[in-house]
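First comes the structure, then the notes that go with it.
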């Protein structure tokens, strides 16, 4: 059984794809021309080692920022934070209790509550300090 094609049917691959590529090239050309002739003024270079005091992290990074501020030394704080996060992610593998109900797993629940409450307190400390 043959499928009859209408005369108006145009195959997708060569025709539509070529049309889309032409549009993409035109848009890129327009963006390049705008960036070339209407560029922004060049200002002073950014100092990578000095952070302005007015910058605050986004709310979901405030606790991590507070942890890094509490631990002295930059590399010590980063290494300590990585070790802490690895331990939290490894917690399901450390506690091999087959029980699914949270009330039957006090070890994991206590550690989980400590982590969550600690992150909430550190976030509040960072936001309101």
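Quick note: the coordinates plus some simple rules give every number you see, no bench work behind them. Just so we're clear, the structure is a prediction, and the values are computed from it rather than from any experiment.
Here are a few things to note about the model shown:
- Here is the tail figure for the range 85-129: Cα pairs spaced more than 11 Å apart come to 71 percent of all pairs.
- Once the Cα atoms are used to define both axes, helix 106-127 deviates from the longest principal axis of the chain by about 70 degrees.
- Taking the chain as a Gaussian network of alpha-carbon nodes connected by springs under 10 Å, the highest mean-square fluctuation of the residues 35, 46, 63 belongs to 35.
- Alpha carbon centroid spacing (whole Å) that separates the range 99-129 from the range 40-61: 32 Å
- Highest-fluctuation residue, 76, 50, 40 considered, GNM on the chain with Cα pairs under 10 Å: 40
- Additional length obtainable on full extension of the chain from residue 127 to residue 9, 0.36 nm per residue less Cα span: 36.4 nm
- Using a cutoff of 8 angstrom between alpha carbon atoms and counting only pairs six or more residues apart, the relative contact order for the chain works out to 28 percent.
- Computed extension gain for residue 108 through residue 17, at 0.36 nm per residue and net of the alpha carbon distance, reaches 27.3 nm.
- Between 0 and 90 degrees, the angle of helix 17-37 with respect to the longest Cα principal axis of the chain falls at about 70 degrees.
- Debye log10 I(q)/I(0) at q = 0.12, 0.16, 0.17 Å⁻¹ for the chain, Cα point scatterers: -0.76, -0.96, -1.04
- Highest-MSF residue in the chain out of 21, 90, 109 [GNM, Cα springs under 10 Å]: 21
- Relative contact order (%) - the range 59-127, alpha-carbon pairs under 8 angstrom, separation at least six: 54 percent
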